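Quick notes on the structure that follows.
The values are calculated or read from the model by the stated rules, or taken from the named source; none is laboratory data. What you are looking at is a predicted structure, and each value in this text was computed from that prediction instead of being measured. Positions of Cβ are generated from backbone atoms using ideal geometry, with glycine treated the same way; all protein chains shown enter the neighbour counts. Ligands, DNA and RNA are stripped out before the accessible areas are found, and what is left, the full protein with its side chains, is counted by its heavy atoms. Shrake-Rupley method; radii C 1.70, N 1.55, O 1.52, S 1.80 Å.
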Amino acid sequence: MSLNVELLEQSFEQVKPRADEFVASFYEHLFAAHPEVKPLFVSTDIVKQQKKLLNALVLVVENLRNPEVLGEVLDALGARHVGYGAIPKYYPAVGQALLLSLEQYLQPNWTPELKQAWSDAYGAITAQMLKGARNVHVEEERSEPETPSNHQRAIAESAASTVPDALTEVEATPAVAISELPVELLEESFEKIKPHAEEFVASFYENLFQAHPEVKPLFAQVKMAEQKKKLLNALVLVVENLRNPSALAPVLSALGARHVGYGSLPQQYPAVGQALLLTFEQYLQAEWTPELSKAWTDAYGTIVAQMLKGAPQQSPPKTTEAKKTADEKTATAEGKRASEPLTTSETNSKQRIGEFRTKVFNPHWHTFPSQVLGQAVDAFWAAPVWLVAILAAVSWLALTVIVDDNSLVAELLEAADTASLVVALVLFIKEAPDRRKQFHYQAWGTIDAAHGVKVSYARILALQDLNEDGVPLRGLDAPGSELTEIQLPKANLSNANLSAADLSNANLSSANLNRAALHQTKLSGANLSGANLSFAELNRANLSSANLSHANLVCADLSHVNFSGANLRNTSLSGANLAEAYLTGANLKGAKVSESELAAAFREGAIMPDGSKYRSQN
């Protein structure tokens, strides 16, 4: 089913200004029409629940154009709702209440076409969530009869076998709740690490590999520079959200689930904890007191416990062949029903094979030699991974048959690991975009988690990493955030909301800040040379000593802006509002601006467009 994404996005934008009222109305409609679901919320803070619903709706709508990411999110959401007591028969009731609320708030724009679009979208969302819910049931049926407490105790006991005394105590006793940790002490100690953050994570891996060389193979195919950044981002994210346990818990669960895919085992967590505590001790020296050691030991124990909650959801189940066959048949039958609203992996695979065939057998293949390479490259990226692996292996076999037995190539091919090396190299190249996509998704998660937080080093690193990879940052919402000295040259920040943010000494050269909200923003000493600030809202911003040479400020709101000492050489200021702007000491030589536009500004001592120094007549 193809969803009408543009129509869904446009209609949801109309709901956003009244979002709080909308979600409150949704629950009113739900409980009025279906009172049987009300007991599910008897122990729930309904205000927090309304916020969760709103966040979920925003997340879904904003990712409609990114189905791969959205699919994973909905799977996890469906799995969690099993734990809340939600069962499939409740989903239609929720859908009815949602459509009724949308109709109520979108009048008179609620057309049959829009109703159909939201009905299709809800059907697709429900189908994906039910797939996640079924995965939970399958895991429960396949697992051996063991109570959750016994299972968790078994994990803790196996993990404790290689752990130092302090960590052994943590694993042997129930984990401290996040809300009970000494947050202030953890935050203060981590602030002292931040100035040496990069050296800290490098030392952590040195300590880990030295004490536990058995974990090193897990990082054989990993770029350590990126891995260190990920660890640093994760540490910052955890510490900055210790006061927000409801947001931190699902992040840690998802992190634990991902680490299963990386090959991490529960018994390896103590090794990581040991290396982490040792690194803290090395960098905090005399300040590493028994009290602080206990605080970080408890914190790590709590983090591990939450990650292990996410890990079992991804663990491969043990099954008998008969049960496996039955499960596969059930999954196949249910998969056919669920595949109608959302595209499944099987459909994706068939589509990609079709694309591959189209690329390979295109009638223009033989036209020009220059096109052959292009067609081959396109076919490579269009083909599914398993097909690329098969073709690489077949190509290697064909090469072994063709080459002369006495040639150097033949000798190389005789090496035992040649085939696996060729296939591994091809797959490494093939999967590179997927690895980057995952890294970008994690970076955006870090940025979203820091929303409303003034100081977040992790957010700065994530923004810089995304920009280095050429990812657009348009629409970034970070008002009031501290982003001093951030490096975002050539960034696409159009329509961003950075009002009242601190961007002092930031590098924003050649950045696109078209229509950005920058009122009361601190940009003193910032490099904005060549930047596009057309139609931007900069009223009451501080741009003292900033470099704005060759920048585009056409039709920007520059009222009450402090431009003292700013470099405005060759800047385009046509149509800009310069009412009561402070231009003392600014250099406007070569700037494109009329005398009438400058008349409303305070210009005493400024270098004018013609190169002369302005002196008032008084």
*Could I have the simple spin-label model distance between SER574 and LYS454, label points 7 Å from Cα toward Cβ, reported in nm to one decimal?*
4.2 nm
*asked:* Run the numbers for LYS294 and HIS212: contour at 0.36 nm per residue of separation, minus the present Cα-Cα distance, in nm.
replied: 27.3 nm
*Counting only protein heavy atoms and using a 1.4 Å probe, what share of the accessible area of region 462-618 belongs to carbon plus sulfur, as a whole percent?*
42 percent
*asked:* What distance in nm separates the two pseudo spin-label positions at PHE602 and GLU191, each 7 Å out from Cα along the beta-carbon direction?
replied: 3.5 nm
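Ignoring ligands, DNA and RNA, how do PHE219, PHE12 rank by accessible area with a 1.4 Å probe, largest first?
Details: PHE219 45, PHE12 10 Å².
These residues rank, largest area first, as PHE219, PHE12.
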*Packing-wise, with mean Cβ within 10 Å as the measure, how do 274-280, 285-291 rank, highest first?*
274-280, 285-291
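What order, most packed first, do the peptides 468-475, 440-447 have when packing is the mean number of other Cβ atoms within 10 Å of each residue? Walk me through the numbers on the way to the answer.
Working: 468-475: 13.5, 440-447: 18.5.
Order by mean packing, descending: 440-447, 468-475.
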*Within region 558-574, find all residues whose amide N lies under 14 Å from a label point positioned 7 Å from the Cα of LYS490 along Cα-to-beta-carbon.*
none
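Given LYS48/LYS89; LYS38/LYS230; LYS131/LYS228; LYS52/LYS223; LYS115/LYS230, which pairs have Cα atoms separated by over 32 Å? The partial results should precede the final answer.
Values: LYS48/LYS89 24 Å; LYS38/LYS230 41 Å; LYS131/LYS228 34 Å; LYS52/LYS223 36 Å; LYS115/LYS230 42 Å.
Where the Cα-Cα span goes over 32 Å, the pairs concerned are LYS38/LYS230; LYS131/LYS228; LYS52/LYS223; LYS115/LYS230.
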*Computed FRET efficiency, Cβ-Cβ of VAL183 and LEU59, R0 25 Å: what is it to the nearest 0.05?*
0.40
*How many nm is it between the label spots at GLN438 and MET224, if each spot is 7 Å from the Cα in line with the beta carbon?*
2.0 nm
*How much accessible surface does ASP45 have with a 1.4 Å probe, in Å² rounded to 10?*
80 Å²
*Just order 121-129, 520-528, 200-208 by mean Cβ neighbour count inside 10 Å, highest at the front, would you?*
520-528, 121-129, 200-208
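Taking R0 as 51 Å, what's the FRET efficiency between GLU13 and ALA286 from their Cβ-Cβ distance, rounded to 0.05? The partial results should precede the final answer.
Numbers: r = 55 Å, r/R0 = 1.08.
So, using R0 = 51 Å, E works out to roughly 0.40.
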*Under 1.5 on a/c is rounded, so check that first for region 470-529, then, if it is not, pick prolate when a/b is larger than b/c and oblate when it is not; a ≥ b ≥ c are the square roots of the alpha carbon gyration tensor eigenvalues.*
oblate
